[in-house]
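Peer 1: One structure follows; several queries about it will come next.
The values are calculated or read from the model by the stated rules, or taken from the named source; none is laboratory data. None of these values were measured; they are calculated from a predicted model. Here Cβ is always computed from backbone atoms with ideal geometry, including for glycine, and neighbour counts include all displayed protein chains. SASA here: full protein model, heavy atoms, side chains in, ligands and nucleic acids out. Shrake-Rupley method; radii C 1.70, N 1.55, O 1.52, S 1.80 Å.
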Amino acid sequence: MIIDSLTEASRYVSLHPLFEKALRYAADNYDTLEEGCYRLDGDRLKATVEVSSMRSHKDAVLEAHDRYIDIQLPLSGDESYGWRYRASCRDGRGYDKERDVEFFDDAPQDYFTVEPGQFVIFFPSDAHAPLVGRAGKIKKCVIKIRVE
């Protein structure tokens, strides 16, 4: 997992062949992103902008992905996340290959908050519980990068 500011995004472009394109898209379009799904490079790189309801700590569920790395950016407010090292999760509900997600009943090990202008990168080894925060809605962007 990586947490940083979009102004520092260039530090991470060497980690994956599509990180530069993904992070440049986020930085260049940050103020104008509209709700919808965008294919930036076929199924290899895609972005979804959505307005979602926030959850309490108790209602947040850990999830992890096998085929995609997530870059998540809150656009309209702070978003907290639960995190746990995926290998330490014991209560998986089974991997859904079609949706590329497995949910876990384990509790997060830690929580952290990402503010507008920042991003978090979750790798397949990161179980994460998104959308934790005060009641209400948040606009966010999730960029999916296929693991190569």
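Peer 1: Just for segment 123-138: of the residues that are surrounded by fewer than 18 Cβ atoms within 10 Å (Cβ to Cβ) and of a type in the set (D, E, K, R), which one is farthest from Lys58 (Cα to Cα)?
Peer 2: Going through the qualifying residues, I end up with Lys137.
Peer 1: Within segment 76-92, how many residues turn out to be of a type in the set (S, T, N, Q) and surrounded by fewer than 19 Cβ atoms within 10 Å (Cβ to Cβ)?
Peer 2: Of the residues in segment 76-92, 2 are of a type in the set (S, T, N, Q) and surrounded by fewer than 19 Cβ atoms within 10 Å (Cβ to Cβ).
Peer 1: A further question follows. Which count do you get for residues in segment 131-148 that are part of a strand (DSSP E or B) and over 21 Å from Leu18 (Cβ atoms)?
Peer 2: 5
Peer 1: Does Glu102 qualify as being exposed (fewer than 14 other Cβ atoms within 10 Å of the Cβ) and in contact with an Asp or Glu (Cβ under 8 Å, 6 or more places away or on another chain)?
Peer 2: Criteria not met by Glu102.
Peer 1: Is there a residue in segment 52-61 that is within 23 Å of Pro17 (Cβ to Cβ) and aliphatic (A, V, I, L, M)?
Peer 2: No; the residues of segment 52-61 include none that is within 23 Å of Pro17 (Cβ to Cβ) and aliphatic (A, V, I, L, M).
Peer 1: What do you reckon, is Ala87 more than 19 Å from Val49 (Cβ to Cβ) and at pLDDT below 95?
Peer 2: no
Peer 1: Quick one: in segment 41-55, of everything that is in contact (Cβ under 8 Å) with a residue 60 or more places away in the chain and open to solvent by less than 50 Å² (accessible area, probe 1.4 Å), which residue is farthest from Ile145 (Cα to Cα)?
Peer 2: The residue in question is Met54.
Peer 1: So which residues in segment 57-75 are surrounded by fewer than 17 Cβ atoms within 10 Å (Cβ to Cβ) and modelled with pLDDT under 95, if there are any at all?
Peer 2: Those that are surrounded by fewer than 17 Cβ atoms within 10 Å (Cβ to Cβ) and modelled with pLDDT under 95: His57, Lys58, Asp59.
Peer 1: Based on what the data block shows, is Leu15 closer than 14 Å to Phe123 by Cα and not charged (D, E, K, R)?
Peer 2: yes
Peer 1: Follow-up question, since we're still on this one. For segment 25-39, check the following and say yes or no: at least one residue is under 13 Å from Ile145 (Cα atoms), within 17 Å of the chain's Cα centre (by Cα), free of Cβ contacts under 8 Å to residues at least 60 places away in the same chain and open to solvent by less than 80 Å² (accessible area, probe 1.4 Å).
Peer 2: Checked against the condition, which is being under 13 Å from Ile145 (Cα atoms), within 17 Å of the chain's Cα centre (by Cα), free of Cβ contacts under 8 Å to residues at least 60 places away in the same chain and open to solvent by less than 80 Å² (accessible area, probe 1.4 Å), segment 25-39 yields at least one hit.
Peer 1: In segment 49-106, which residues are of a type in the set (Gly, Ala, Ser), farther than 20 Å from Ala26 by Cβ and more than 13 Å from the chain's Cα centre (by Cα)?
Peer 2: Once the filter is applied, which keeps residues that are of a type in the set (Gly, Ala, Ser), farther than 20 Å from Ala26 by Cβ and more than 13 Å from the chain's Cα centre (by Cα), segment 49-106 yields Ser53, Ser56, Ala60, Ala87, Ser88, Gly92, Gly94.
Peer 1: Select, from Gln72, Gln109, the only residue that is farther than 18 Å from Arg146 by Cα and either of a type outside the set (Val, Ile, Thr) or in contact with a helix residue (DSSP H, G or I) (Cβ under 9 Å, 6 or more places away or on another chain) (or both).
Peer 2: Matching residue, one of Gln72, Gln109: Gln109.
Peer 1: While we're looking at this one, here's another question. State whether one or more residues within segment 103-116 are touching a residue at least 60 places away in the same chain (Cβ under 8 Å) and within 21 Å of Thr7 (Cα to Cα).
Peer 2: Yes, segment 103-116 contains at least one residue that is touching a residue at least 60 places away in the same chain (Cβ under 8 Å) and within 21 Å of Thr7 (Cα to Cα).
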